[in-house]
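One structure is given here, and the rest of the page talks about it.
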Amino acid sequence: QVQLVESGGGLVQAGGSLRLSCAASGSIFSINVMGWYRQAPGKQRELVAAITSGGSTMHVDSVKGRFTISRDNAKNTVYLQMNSLKPEDTAVYYCNAGYGGVASYKSGPYWGQGTQVTVSA
C-alpha cells in the first residue's frame, strides 16, 4: 500500500505561481516513477509531468517551460512548480505512483486526494 497526500493548491491570478507537493508513505520502495495529473471540469484526467527515482523527467507540451517536476527522495516528496499560470491550468491536480519510465508512463492504482488549482484571468 502507498499513501499519497497532495498540498499546495489555491487561487492565483494569471501569471502567478504555485508549488504543489505530494508526500508519499507506505511501500514506497516499490515506486520508481511518479506523475502529476490534472482534471478540469468536464474533461478527462490528463498526465502533466512525470519523474523517475533517478531524476529523469517529462512534461507535456502545454506546460513545458512553465511547470517543473522534481523530487526529494530523502523526504519521499514530489513537487510540481507551476509558473506563468493560465486560466486553462485550472483543474484538480493529483499525484500518482506509476509504472514504466517517463516516456512510457502508466498510471498505477495509488492516487492522492487531489488539490484544487484555480487561476483567475
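The values are calculated or read from the model by the stated rules, or taken from the named source; none is laboratory data. Please read these numbers as outputs of a predicted model, since none were measured by experiment. For neighbour counting, all protein chains shown are included, and Cβ atoms are generated from backbone atoms with ideal geometry for every residue, glycine included. Remember, those area values only see protein heavy atoms, side chains included, never the ligands or the DNA or RNA. Shrake-Rupley method; radii C 1.70, N 1.55, O 1.52, S 1.80 Å.
Tabulated data
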quantity	calculated
Quotient of Cα Rg and 2.2 N^0.38 Å for the chain, N being how many residues it contains	0.98
Accessible-area composition of segment 60-121, carbon plus sulfur, in percent [1.4 Å probe]	51
Neighbour-limited loop hits for trypsin sites (Lys or Arg not before Pro), segment 29-121 (at most 14 other Cβ within 10 Å; DSSP other than H, G, I, E, B)	Lys43, Lys64, Lys75
Residue-count net charge about Lys75 - beta-carbon cut-off 15 Å; Lys, Arg +1, Asp, Glu -1	0
Fluctuation leader among Leu11, Leu20, Leu85 - the chain, Gaussian network, Cα springs under 10 angstrom	Leu11
Hz values of 3J(HN,Hα) by residue in segment 44-50 - Karplus curve (6.51, -1.76, 1.60), Gly and Pro given as x	6, 5, 10, 6, 9, 7, 8
Segment 74-121 pair-distance distribution - Cα-Cα, 5 Å bins, rounded %	5, 16, 20, 23, 20, 12, 4, 0
For segment 26-69, the Rg and Dmax computed from alpha carbons only, in angstrom	12.2, 35
Solvent-accessible area per residue, Å², over the chain with all protein chains present [probe radius 1.4 Å]	50
Computed Rg/Rh of segment 1-62, alpha carbon atoms with Kirkwood Rh	0.99
Rg/Rg_ref, segment 51-97, where Rg_ref = 2.2 N^0.38 Å and atoms are Cα	1.21
